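Notes to accompany the following structure.
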């Protein structure tokens, strides 16, 4: 498209015209079609100046259209380099698998950075989830997870100290579930997970290389091994890199009419 940046579009559907639909909205849909149908992930799009000349609009209109597509995760701005089509979102599967194993299954190289560790009294909700009495400490672990060098998730978790003595002395850059199995013979085999969306706070945005307020998918998982709770972990995933797909089936007869997901496998 850049080679023809100064040639007006011949297709009327690809023109920006005066009318009831704002020009920035028209341009946004034109760019959306370009991204979704023609440009592979990581492709640069023309500059604001080129787009303004090509479609006969102001640079403010171009900036507004691009900004909306950045918010939707279709485009990504790279400081000093320009605007590019974003990587396609990965499916975030709803089953019990470590981040390390999941990334390797996708053919990506996972790495982990330990941000902080401590042993302290957890919040009441985490103490309850782990089956701890009031005032009993737990291990606190915050890690940044990357795939092929790209920061994808921040994990902040609490771990039952009585079942994982010495956890914080282990190599926590490795798969945590592998560590639990090797050091404590704990193999999480059941979990309850809650999913919601929220905007990135300043610290989470900094760790993930995003703007404050960017969309995140948040997962809180309480995992058990042999019926005993071990982990209460919340993970903040980049909304521009992930989407969640779940299979929904009706319950068996007599168990109610509400659909349910396939659960954790």
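Inspect all residues belonging to region 215-234 and state whether any of them is surrounded by fewer than 18 Cβ atoms within 10 Å (Cβ to Cβ), assigned to a loop (DSSP other than H, G, I, E, B) and at pLDDT below 90.
So far as region 215-234 goes, no, none of its residues is surrounded by fewer than 18 Cβ atoms within 10 Å (Cβ to Cβ), assigned to a loop (DSSP other than H, G, I, E, B) and at pLDDT below 90.
Quick check on my filter: what residues within region 44-63 are within 22 Å of residue 215 (Cβ to Cβ) and surrounded by fewer than 18 Cβ atoms within 10 Å (Cβ to Cβ)?
Scanning region 44-63 gives a single hit, 63.
Determine which single condition residue 35 fails, assuming it passes every other condition in (1) closer than 21 Å to residue 214 by Cβ; (2) at pLDDT 80 or above; (3) touching a helix residue (DSSP H, G or I) at 6+ places or on another chain (Cβ under 6 Å).
Condition not satisfied by residue 35: (3).
Just to be sure, is residue 197 more than 30 Å from residue 134 (Cβ to Cβ) and either in contact with a helix residue (DSSP H, G or I) (Cβ under 7 Å, 6 or more places away or on another chain) or surrounded by fewer than 19 Cβ atoms within 10 Å (Cβ to Cβ) (or both)?
When the stated conditions are applied, residue 197 passes them.
Write out, first by first residue and then by second, each pair whose Cβ atoms fall under 7 Å of each other, whose residues are 6+ apart or on separate chains, and whose first residue, in region 198-225, is assigned by TED's automatic domain parsing to the domain that holds residue 162 and without any contact (Cβ under 8 Å) to a residue 12 or more places away in the chain while the second is assigned to a helix (DSSP H, G or I) and buried (at least 18 other Cβ atoms within 10 Å of the Cβ).
Partner pairs satisfying both residue conditions: 211/205.
Mind listing just one residue for me: the one in region 128-143 that is surrounded by 18 or more Cβ atoms within 10 Å (Cβ to Cβ) and in contact with a helix residue (DSSP H, G or I) (Cβ under 9 Å, 6 or more places away or on another chain) and, of those, farthest from residue 230 (Cα to Cα)?
Residue satisfying both the conditions and the ranking: 143.
Considering region 105-127 alone, what residues qualify as being modelled with pLDDT of 95 or more, under 27 Å from the mean Cα position of the chain (by Cα), outside any strand (DSSP E or B) and surrounded by 14 or more Cβ atoms within 10 Å (Cβ to Cβ)?
122, 126, 127
Name every residue in region 128-149 that is under 16 Å from the mean Cα position of the chain (by Cα) and assigned to a helix (DSSP H, G or I), in order of residue number.
Result: no residue meets the conditions.
The values are calculated or read from the model by the stated rules, or taken from the named source; none is laboratory data. Just so it is clear, the structure is predicted and the values come from calculations on it, not from any experiment. Every residue, glycine among them, receives a Cβ derived from its backbone with ideal geometry; neighbour counts consider all protein chains shown.
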